[in-house]
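**Q** Below you'll find the structure I mean.
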Amino acid sequence: MSVQPDIPTVTNDSMEDRLYTVKYDDPGESHLDVKVSDVCASSCDTNDCASVCPANVWRETEDGVPQIAYENCLECSSCRFACPYDNVVWEYPETGAGVTFKHG
Ligand code: SF4
Ligand code: SF4
């Protein structure tokens, strides 16, 4: 007779709960920006920077130039590759600052 292993009960935390556990050392100034604000305001209607960001860093505004909550950044680089106008300024935060991952 075969023995069936117990199936563990898994509960998935919400994305907000998971992000809340991320440790971030604020360097005091943003490592993210847009190169030319007018490109966002006048040329871009897709806001891909906001769409791809898993941490809700880029936020759409009425004037079309996104607000950037850099303190939430996971440093995944998705926004700089998603922008169809290559209009994202992306740098690593200064050494010792920024996000800390548990296993990395
Ligand atoms: S995708 Fe690029 S051009 Fe469009 S709003 Fe974001 S940074 Fe600006
Ligand atoms: S690097 Fe990743 S987490 Fe940071 S702002 Fe860009 S898309 Fe969002």
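The values are calculated or read from the model by the stated rules, or taken from the named source; none is laboratory data. Since the model is a prediction, treat every value here as computed from it, not as a measurement. Backbone-built Cβ (ideal geometry, glycine too); neighbour counts: all protein chains shown. These area figures cover heavy atoms from the full protein model, side chains too; ligands, DNA and RNA do not enter into them. Shrake-Rupley method; radii C 1.70, N 1.55, O 1.52, S 1.80 Å.
**Q** Looking only at region 36-57, which residues are more than 7 Å from ligand 1 (Cβ to nearest atom) and part of a loop (DSSP other than H, G, I, E, B)? Write out each step before concluding.
**A** Restricting attention to region 36-57, the residues satisfying the condition of being more than 7 Å from ligand 1 (Cβ to nearest atom) are 36-38, 41-42, 45, 51-57.
Answer for region 36-57, where residues must be more than 7 Å from ligand 1 (Cβ to nearest atom) and part of a loop (DSSP other than H, G, I, E, B): VAL36, ASP45, CYS53, PRO54, ALA55, ASN56, VAL57.
**Q** To continue, here is another question. Looking only at region 58-100, which residues are assigned to a loop (DSSP other than H, G, I, E, B), without any contact (Cβ under 8 Å) to a residue 40 or more places away in the chain and more than 9 Å from ligand 1 (Cβ to nearest atom)?
**A** Correct list: THR61, GLU62, ASP63, ALA69, GLU75, CYS76, SER77, THR95.
**Q** Quick one: is VAL36 modelled with pLDDT of 95 or more and either crowded, with 17+ Cβ neighbours inside 10 Å or of a type in the set (A, V, I, L, M, F, W, C) (or both)?
**A** On the way: modelled with pLDDT of 95 or more: yes; either crowded, with 17+ Cβ neighbours inside 10 Å or of a type in the set (A, V, I, L, M, F, W, C) (or both): yes.
Considered against the rule, which asks whether it is modelled with pLDDT of 95 or more and either crowded, with 17+ Cβ neighbours inside 10 Å or of a type in the set (A, V, I, L, M, F, W, C) (or both), VAL36 comes out as yes.
**Q** Return the residue satisfying two criteria in turn: it lies in region 64-94 and is of a type in the set (Phe, Trp, Tyr) and closer than 11 Å to CYS49 by Cβ, and of such residues it is surrounded by the fewest Cβ atoms within 10 Å (Cβ to Cβ).
**A** Just the residues of region 64-94 that are of a type in the set (Phe, Trp, Tyr), to begin with: 70, 81, 85, 90, 92.
Remaining after also requiring closer than 11 Å to CYS49 by Cβ: 81, 85, 90.
Numbers: PHE81: 12, TYR85: 15, TRP90: 15.
My answer is PHE81.
**Q** Is there a residue being in contact with a Pro (Cβ under 7 Å, 6 or more places away or on another chain), in a loop (DSSP other than H, G, I, E, B) and open to solvent by less than 40 Å² (accessible area, probe 1.4 Å) anywhere in region 7-29? Before the answer, list the steps.
**A** Initially, region 7-29 is screened for residues in contact with a Pro (Cβ under 7 Å, 6 or more places away or on another chain), giving 27.
From what's left, in a loop (DSSP other than H, G, I, E, B): 27.
Restricting the remaining residues to those that are open to solvent by less than 40 Å² (accessible area, probe 1.4 Å) gives 27.
Within region 7-29, one or more residues are in contact with a Pro (Cβ under 7 Å, 6 or more places away or on another chain), in a loop (DSSP other than H, G, I, E, B) and open to solvent by less than 40 Å² (accessible area, probe 1.4 Å).
**Q** So the check is Cβ under 7 Å with 6+ separation or different chains; which pairs have a first residue in region 32-57 that's over 30 Å from SER14 (Cα atoms) and a second one that's surrounded by 12 or more Cβ atoms within 10 Å (Cβ to Cβ) and among the hydroxyl-bearing types (Ser, Thr, Tyr)?
**A** Close Cβ pairs (under 7 Å, with a partner that is surrounded by 12 or more Cβ atoms within 10 Å (Cβ to Cβ) and among the hydroxyl-bearing types (Ser, Thr, Tyr)) amount to VAL39/TYR85; SER43/TYR85; CYS44/TYR85.
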